[in-house]
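Here's the structure, in structure tokens; my notes come after.
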Amino acid sequence: MSRVDTSKFHKGLRILYENELWEIIESHHRVMQQRSPIVKTKLKNIISGYMQEKSFRSGDTFELPDLVKKDSQFLYSDSDTLTFMDLTDFEQYQLSNNILGEKLYFLKQEQNVQLLHYNGAPIDIELPTAVELKVSNTEPGIKGDTVTGGNKPAELETGMKLSVPLFINTDDLIKVDTRDGKYLERVKKA
């Protein structure tokens, strides 16, 4: 069983803490005067969806869960669950919307993802580092706007809202970083 210490904490890392599976949502190293440094974290329980804030001493170590990744495809969603199909054996699996949280904003039908299994059951997905999504709504750019000319709000086909450069228009296809939800580049002009 491999282990990780707090210096390696990053968003999306999954650890075993108090015999439960947690995903790190945020982590910040804090140096306190005349005390040992601490790492403040925001954790999400992968099974229940429960969130908590927790501080650990710098250097504390944690077990990494034994996760099995399976190539899968997102098929469809209803009001409570999303359905994925294993691309090897074509088995279908459901995951709850509240377990996936903000990852829903990066998913569209027929998209390939890694379905993570823990103790034989699907628990979460791993997204590629960037996805291509269509801009469904944004203010039109003004003639003369340049690449360096600032940002404006936009809504994507999945309902995600983010800031994009002024030259981006409705129906453009853009690349978005799944780690921080930020605009990367325009892939295709409308």
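Some points to look at:
- Local electrostatic count, Asp172, Cβ distance below 9 Å [Lys/Arg +1, Asp/Glu -1]: +3
- Averaged over its residues, the chain has an accessible area of 60 Å² per residue, based on protein heavy atoms and a 1.4 Å probe.
- Greater than 22 Å apart at Cα, pairs in Lys11/Lys54; Lys42/Lys134; Lys11/Lys175: Lys42/Lys134
- Counting Lys and Arg as +1 and Asp and Glu as -1 over every other residue whose Cβ lies under 14 Å from the Cβ of His117, the net charge comes to -4.
- Against the compact-protein benchmark of 2.2 N^0.38 Å, the Cα-based radius of gyration of region 29-116 scales to 1.47.
- Rounded percent of accessible protein surface that carbon and sulfur make up, region 1-138, 1.4 Å probe: 45 percent
- From the coordinates shown, Rg and Dmax of the Cα atoms in Å corresponds to which of (i) 15.9, 46; (ii) 25.4, 90; (iii) 19.4, 58: (iii)
- Full extension of the chain between Met51 and Leu75 gives 5.9 nm of extra length, using 0.36 nm per residue less the Cα-Cα distance.
- Euclidean distance of C-alpha centroids, region 28-72 and region 77-113, integer Å: 25 Å
- Partner aspartates and glutamates for Lys188 [C-alpha distance under 17 Å; skip if fewer than 8 residues away on the same chain]: Glu132, Glu155, Glu157, Asp171, Asp172, Asp177
- Taking each DSSP H run with n ≥ 4 as -39500 (n - 2.57) and averaging over every residue of the chain yields -500 deg cm²/dmol at 222 nm.
- Were the residues from Phe167 through Ala121 laid out at 0.36 nm apart, the gain over their Cα-Cα distance would be 12.1 nm.
The values are calculated or read from the model by the stated rules, or taken from the named source; none is laboratory data. Remember, predicted model here, so these are calculated numbers, not experimental data. A quick note on method: Cβ atoms are made from the backbone with ideal geometry, for glycine too, and the neighbour counts reach across all protein chains shown. For the accessible areas, the whole protein counts, side chains as well, though only heavy atoms, and no ligand, DNA or RNA atoms are used. Shrake-Rupley method; radii C 1.70, N 1.55, O 1.52, S 1.80 Å.
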